[in-house]
Amino acid sequence: MNPQAFRRTAVVVLGALTLTHCAQNPVTGGKDFVLMSESEEIRMGAQAHQDVLKEYAPLDNPALQAYVNELGQRLAKQSHRPNLPWHFTVVDSPDVNAFALPGGYVYITRGIMAYLNSEAELAGVVGHEIGHVTARHGVRQQSASTAAGVGAVLGSILLPGMDNQAGATLLQTLALAWTAGYGREHELEADRLGAGYLARTGYDPQAMIDVIGVLKNQELFAAAQAKRDGRSLRSYHGTFDTHPSNDARLRQVVGEANQYSVASPREGRSDFLQKMTGVYFGDSPDQGVIRNNLLLHEKLGLVMQFPAGWRVQNRPARVVALSPQGDALVELQQGPKNAKPMETLQQGLKLDAGARYDSGSLSGYPAAFAAGAKEGKPVVAAAVAFNGTQYLIAGMALDKPAYERERSNLRAAINSFRAISPAEKRAARPHVLQLVTARPGMTMAGLARQSPLGADAESQLRLMNNLYPSGEPEPGQLLKIVQ
């Protein structure tokens with residue numbers, strides 16, 4: 001949660017769109033069922049871009065931003081839509097993800113970049129996302145959803161203006177695609193297009209398969225972790241159920257790029273690794289770090305314990321924890337500075353009639369508490385005045401059975417809010433990526449013993465250096481480590 005980003009995330013609502021004709025697909029030349037022209041696509045993408053930046057803050061690393069943008073612009077010039085106003089942004093998120101908006105907006109997380117090992121692999125991820133834009137996958141999905149009247153809410157469900165509203169939005173209809181993908185055929189098409197863009201830009205198109213393999217290994221490891229911890233898995237949409245080494249169809253579509261001759265393909269391993277030095281691994285101190293579901297926010301001076309086993313999402317404007325069953329959540333975000341806690345709850349939450357409100361204190365700070373329901377969903381909440389501002393903490397369950405099961409977790413999370421201690425400030429030090437050169441006899445197990453990553457350190461370091469599951473470094477090899 002970023003201290004500067006306390007305004008709730010606004011969602012851009014698309015106006016009514018009139019179907020006037022079927023537009024031409026810029027890749028195939030055939031007709032597409034779409035509800036917007038290219039100019040509308042660009043305008044909608046620019047509008048939605050502002051909302052993405054409220055959910056995912058740009059990484060404060062000008063050199064890395066410039067590096068990724070320059071690479072993306074070179075790839076885009078070789079695409080089927082070189083004249084789009086392309087934008088490439090590295091976002092400050094530990095998630096292993098990359099996604100694109102219609103109109104030429106491509107985003108890549110620092111989390112996914114930690115697992116890449118060359119400029120060519122980075123080009124594979126960026127080229128794949130460019131492929132989604134050039135083939136208008138997002139526009140086609142948005143058009144189909146609008147025509148069917150389908151919309152999912154993206155954003156806080158507890159704050160005013162963010163509950164279920166009629167109307168589909170670009171972000172809403174793309175939210176599922178960002179995580180689950182556009183379906184195998186569209187993902188394969190993005191791989192085919194991206195591989196061609198790689199080849200025409202001077203990279204080996206097989207880097208597309210290489211990077212999918214790297215990310216598939218990371219997904220398999222993350223799936224095992226999630227199962228062990230009782231969490232749901234959220235993986236990058238560019239991977240498939242089958243490992244790329246066994247996926248004949250994937251190899252076939254990527255192989256189509258072999259028609260472009262690349263005499264001396266660029267790998268860019270050293271350049272890429274040097275650019276990753278000093279990048280945060282895991283949570284950013286600007287948003288607070290999570291250790292065993294404990295939020296430690298040194299800059300804001302606060303601590304909050306989210307329930308064990310819940311999936312915690314740390315975003316610039318809020319922190320949200322979701323129960324393993326997906327039917328209860330706890331949310332923390334900053335509220336208005338000048339209002340009193342009771343006013344914040346009564347005027348902000350807008351609970352159903354019959355809600356109860358009380359004044360009191362939370363960890364010694366002035367607070368107000370509420371219990372009731374919002375559109376029939378049980379809610380408990382608190383607003384607390386702390387360090388010159390206000391924080392709103394709310395817990396919600398889908399229905400009464402879920403609330404009864406999670407009541408103690410919701411209330412314990414709210415009551416855990418307090419000031420950070422000196423020892424916790426030291427524990428809030430972020431993890432960063434550094435480089436070492438492998439010496440003779442150096443092993444991944446030895447590096448893991450010096451790592452702050454805990455029991456999973458060896459597997460994580462192997463994944464980050466493309467040595468998973470059992471590879472060892474060669475003398476002279478540059479390796480990423482976490483300090």
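The values are calculated or read from the model by the stated rules, or taken from the named source; none is laboratory data. Since we're looking at a predicted model, the values are computed, not measured. Cβ: placed from backbone, ideal geometry, glycine included. Neighbour counts: every protein chain shown. Accessible surface is based on the protein model in full, side chains and every heavy atom, while ligands, DNA and RNA are left aside. Shrake-Rupley method; radii C 1.70, N 1.55, O 1.52, S 1.80 Å.
Which of (1) touching a helix residue (DSSP H, G or I) at 6+ places or on another chain (Cβ under 9 Å); (2) open to solvent by 10 Å² or more (accessible area, probe 1.4 Å) is the odd one out, the single condition residue 52 does not satisfy?
(2)
Yes/no per residue for (1) modelled with pLDDT under 90; (2) open to solvent by 20 Å² or more (accessible area, probe 1.4 Å):
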residue: 19; (1), (2): yes, yes
residue: 31; (1), (2): yes, yes
residue: 63; (1), (2): no, yes
residue: 103; (1), (2): no, no
residue: 121; (1), (2): no, no
residue: 126; (1), (2): no, no
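Based on what the data block shows, is residue 263 within 25 Å of residue 93 (Cα to Cα), exposed (fewer than 15 other Cβ atoms within 10 Å of the Cβ) and either modelled with pLDDT of 75 or more or among the charged types (D, E, K, R) (or both)?
On the way: within 25 Å of residue 93 (Cα to Cα): no; exposed (fewer than 15 other Cβ atoms within 10 Å of the Cβ): yes; either modelled with pLDDT of 75 or more or among the charged types (D, E, K, R) (or both): yes.
Spelling it out, it is not the case that residue 263 is within 25 Å of residue 93 (Cα to Cα), exposed (fewer than 15 other Cβ atoms within 10 Å of the Cβ) and either modelled with pLDDT of 75 or more or among the charged types (D, E, K, R) (or both).
Go through the range 457-474 and give me each residue that's over 23 Å from the mean Cα position of the chain (by Cα) and charged (D, E, K, R).
Filtering the range 457-474 down to residues over 23 Å from the mean Cα position of the chain (by Cα) leaves 458, 467-474.
Of everything in the range 457-474, those that are over 23 Å from the mean Cα position of the chain (by Cα) and charged (D, E, K, R) turn out to be 458, 472, 474.
Would you please name the residue that is farthest from residue 430 (Cα to Cα), looking only at residues in the range 77-92 that are surrounded by 18 or more Cβ atoms within 10 Å (Cβ to Cβ) and in contact (Cβ under 8 Å) with a residue 60 or more places away in the chain?
Only one residue fits best here, namely 80.
Just name the residue that is most open to solvent (accessible area, probe 1.4 Å) out of those in the range 292-316 that are in contact (Cβ under 8 Å) with a residue 60 or more places away in the chain and either out of contact with any strand residue (DSSP E or B) (no Cβ under 7 Å at 6 or more places or on another chain) or of a type in the set (Gly, Ala, Ser) (or both).
299
Tell me which residues, restricted to the range 325-358, are within 18 Å of residue 377 (Cβ to Cβ) and assigned to a loop (DSSP other than H, G, I, E, B).
Residues satisfying the conditions are 325, 326, 327, 350, 351, 352, 353, 354, 355.
Only residues that are more than 18 Å from residue 331 (Cβ to Cβ) and not in a helix (DSSP H, G or I): list them for the range 400-432, please.
Initially, the range 400-432 is screened for residues more than 18 Å from residue 331 (Cβ to Cβ), giving 400-401, 404-405, 419-432.
Across the range 400-432, the qualifying residues are 419, 420, 421, 428, 429, 430, 431, 432.
Does residue 475 qualify as being touching a residue at least 24 places away in the same chain (Cβ under 8 Å) and open to solvent by 40 Å² or more (accessible area, probe 1.4 Å)?
On the way: touching a residue at least 24 places away in the same chain (Cβ under 8 Å): yes; open to solvent by 40 Å² or more (accessible area, probe 1.4 Å): yes.
When the stated conditions are applied, residue 475 passes them.
What is the number of the single condition among (1) under 20 Å from residue 194 (Cβ atoms); (2) assigned to a helix (DSSP H, G or I); (3) at pLDDT 95 or above that residue 41 does not meet?
Among (1) under 20 Å from residue 194 (Cβ atoms); (2) assigned to a helix (DSSP H, G or I); (3) at pLDDT 95 or above, residue 41 violates only (3).
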